[in-house]
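The values are calculated or read from the model by the stated rules, or taken from the named source; none is laboratory data. As the structure is a prediction and not an experimental result, all values here were calculated from the model. Because the Cβ atoms are built from the backbone with ideal geometry, glycine has one as well, and the counts that use them run over all protein chains shown. Surface accessibility is based on the protein's heavy atoms, side chains included, excluding ligands, DNA and RNA. Shrake-Rupley method; radii C 1.70, N 1.55, O 1.52, S 1.80 Å.
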Amino acid sequence: MSSRSDWQGWEPSRPLAVEGGIDARSRRGEIGEQWWSRRFIELLESFGVGSRLERGRNYARRGQVIELDVEPGVVLAKVQGSRYTPYRVRIRGKVLSEQQWRRAEKAMASQALPLAKLLAGEMPSDMEDVFCSCRLTLFPRSQAELNAKCSCPDWENPCKHIAAVYYILAERFDEDPFLIFAWRGKDREELLERLRTRRAGGDGRGARRARQAPPREQADSDAAPLSGALDSFWCSGPALAERHVSPFAGEAPDALLRQLGPAQVEMQGDDLIELLAPAYAALAQAAERRALRE
């Protein structure tokens, strides 16, 4: 057993310096300028993790978070710690179902002032009340609805890397409050389009289909003939360099298989979909490891 003398002179490891990390704007005072980002931090503290959040405040201010992406139901980030390889942080939140979103959209569209502010790109001050009116919450209501993991060896949760991501996430909410809706499952473009449809008298259900399905004539006219693109068919265009693809494996790598439904093909009594699902998961994990190693 280690004695007190064994720890004399011990100093905690310092994180490696980062150039180009995501720098918290508020280097002094409270992190989070708008009511919705402050509310997010307050909720985290109310879950009983306030003291541990403090550990990540300096990490956030030093710019140790080097990557952060907000996707439906998950926040993916990389944080530079004391080791050469950045730690991977994944924070899962509860995505609202389509039925829950319809209730929320109906409540938003029924009130003139909140609707006007949303359509103007602003976050109404009473948005939490709007969600509460249809028995929903704008943010996760408990720690049980948050599942945060970090690849570091620290057994505490949140560790300082997760806590730093929470702070940077609050600042991202400051910059774009619609990321809150995106995290809950509805991106800005789709939400505003559905609200405009409801204001015009529709229910918003056909807005997404109309946006995703261009007229067949337009698609055919925009397509170049294959014979004129044979030399460059296997070459990537400049648009590919601008496209950001997250290296992290998705929450459900076999989602496409599940959407296809039963294959009506069996092998030794098992449906083909059930046999392929583990392979999809293994490929996704292997691709993530290779992307992060490179």
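Residue-level check: of (1) assigned to a helix (DSSP H, G or I); (2) surrounded by 19 or more Cβ atoms within 10 Å (Cβ to Cβ); (3) in contact with a Cys (Cβ under 6 Å, 6 or more places away or on another chain), Gly56 misses just (3).
The number of residues in the stretch 60-98 that are in a strand (DSSP E or B), modelled with pLDDT of 90 or more and touching a Pro at 6+ places or on another chain (Cβ under 7 Å) comes to 3.
Please count how many residues of the stretch 174-191 are over 21 Å from Trp35 (Cβ atoms) and more than 15 Å from the chain's Cα centre (by Cα).
As a first pass, look at the stretch 174-191 and keep what is over 21 Å from Trp35 (Cβ atoms): 185, 187, 189-190.
Adding the requirement that they be more than 15 Å from the chain's Cα centre (by Cα) leaves 189-190.
So the answer is 2.
Among the residues of the stretch 93-119, which ones are open to solvent by 70 Å² or more (accessible area, probe 1.4 Å) and small (Gly, Ala, Ser)? Result: Ser110, Ala112.
Take the conditions (1) open to solvent by 10 Å² or more (accessible area, probe 1.4 Å); (2) within 21 Å of the chain's Cα centre (by Cα); (3) in contact (Cβ under 8 Å) with a residue 12 or more places away in the chain; Ala164 misses just one of them, which is (1). Outside any loop (DSSP other than H, G, I, E, B), closer than 17 Å to Tyr167 by Cβ and at pLDDT 75 or above, is that true of Ala104? So Ala104 fails the test.
Among the criteria (1) small (Gly, Ala, Ser); (2) under 29 Å from Gln143 (Cα atoms); (3) modelled with pLDDT under 60, the one Ala252 does not fulfil is (3).
Residues in the stretch 120-130 that are open to solvent by less than 40 Å² (accessible area, probe 1.4 Å), modelled with pLDDT of 90 or more and out of contact with any helix residue (DSSP H, G or I) (no Cβ under 6 Å at 6 or more places or on another chain): 1 in all.
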